[in-house]
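The values are calculated or read from the model by the stated rules, or taken from the named source; none is laboratory data. Because the structure is a prediction, the values reported are computed rather than measured. Here the Cβ positions follow ideal geometry from the backbone for every residue, glycine too, while neighbour counts run over all protein chains shown. Side chains are part of the model used for accessible areas, which takes the heavy atoms of the whole protein and leaves out ligands, DNA and RNA. Shrake-Rupley method; radii C 1.70, N 1.55, O 1.52, S 1.80 Å.
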Amino acid sequence: MSVDHYVTVASPLRHEVEISRSRFIACLSRVSDENEAREQITTLRHEFHDARHLPSAFVLGPSRGEQRTSDDGEPAGASGVPILHALNNHICPTGRAELSDVLAVVVRYFGGIKLGAGGLARAYGGTVSEALHRAPLVERIRRAVIEAHLPTTTAGRDESALRAGGLDVLSTQWHGAECVLDIACGPGSVDASIARIAALTAGRARSVPAAYRWVEQAL
């Protein structure tokens, strides 16, 4: 999996299904690290204090290198692993399975009918899969950022030329006698982008490579 882009949830989402009288409530949220995931689980445990089981799974990092599961009292392997499987195998609108920085907690209210380990696994994994198909998603892309310093006298015209030329202008800042544009490009195209900026501004831009930045776009 590429470390330069991945997909995550744009906002929290909940989805409830009933299976053999038991209620399964999938709670999806975006998290940035394990501490945040643990805090979210604790918050949900307080909210659903009358529920017996809140198994969970989370996936973290651009390469999805950090993953954790919890069965929370359900039979071993019947809940946390199926939830994680649903997260890892969800095909995103990009056409790839690359979901990360996401926590899934499934709240279960027992309805009196035992499902067995296989039934539980299908219920937990299926509930999360259904939730993911309803969740708003964003793609996170690691971009190199170039600072283009322009004289204020031509900044407006130059910015229009850069945008028209297909360059991705992230922001515009005015500092005294100059205007600074943050322009994003692929990590491997910094030199080519600097040359293009120079050509489109007739050499008026002073381009300086800056830090890398994660840029988000809705899917």
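Here are some notes:
- For Ile19, residues with placed amide H under 5 Å, excluding near neighbours: Phe24
- Efficiency of FRET from Cβ geometry, Ser63 and Asn35, R₀ 25 Å, rounded to 0.05: 0.80
- Under the membrane-span-like helix rule (DSSP H runs whose alpha carbons stretch at least 18 Å along the helix axis, mean Kyte-Doolittle hydropathy -1.0 or higher), the chain yields 116-134.
- Gain on full stretching of the segment that runs from Asn89 to Ala202 - 0.36 nm per residue minus C-alpha separation: 35.8 nm
- Taking one quarter of the surface of the convex hull spanned by the alpha-carbon atoms of segment 13-142 gives a direction-averaged projected area of 7.5 nm².
- Calculated on the alpha-carbon coordinates, the convex hull of segment 134-194 measures out at 107 cubic angstrom per residue.
- FRET efficiency, 1/(1 + (r/R0)^6) with R0 30 Å, evaluated for Ser11 and Thr172 via beta carbons: 0.60
- Distance from the Cα centroid of segment 65-92 to that of segment 159-219 is 42 Å (rounded to whole angstrom).
- For the chain: accessible area per residue (Å², 1.4 Å): 48
- With both residues required to sit in segment 3-127, DSSP beta bridges show an antiparallel share near 95%.
- Pair Thr153, Asp191: separation of 7 Å Cα→Cβ label points (nm): 3.3
- Shown here is the pair-distance distribution of the chain: with all Cα-Cα distances grouped in 10 Å bins from zero up to the longest one, the shares run 8, 29, 22, 16, 13, 9, 3, 0 percent.
- Distances between placed amide hydrogens fall under 5 Å for Val102 paired with Val31, Val59, all partners being 5 or more residues away or on another chain.
- DSSP loop trypsin sites (Lys or Arg not before Pro) with at most 11 other Cβ within 10 Å excluded, longest remaining stretch of the chain: 115-219
- Listed residues Thr8, Asn88, Pro151: farthest to the positive end of the dipole of the chain (Cβ charges): Asn88
- Computed over segment 76-145, the ratio Rg/Rh where both radii use C-alpha atoms and Rh is Kirkwood: 1.09
- Phi angles across segment 138-151 convert, under the Karplus curve 6.51 cos²θ - 1.76 cosθ + 1.60 with θ = phi - 60°, into 3J(HN,Hα) values of 10, 9, 9, 10, 7, 10, 7, 10, 10, 8, 9, 8, 10, x Hz, Gly and Pro given as x.
- Measuring how big segment 88-217 is from its alpha-carbon positions, Rg and Dmax come out at 23.5, 75 Å.
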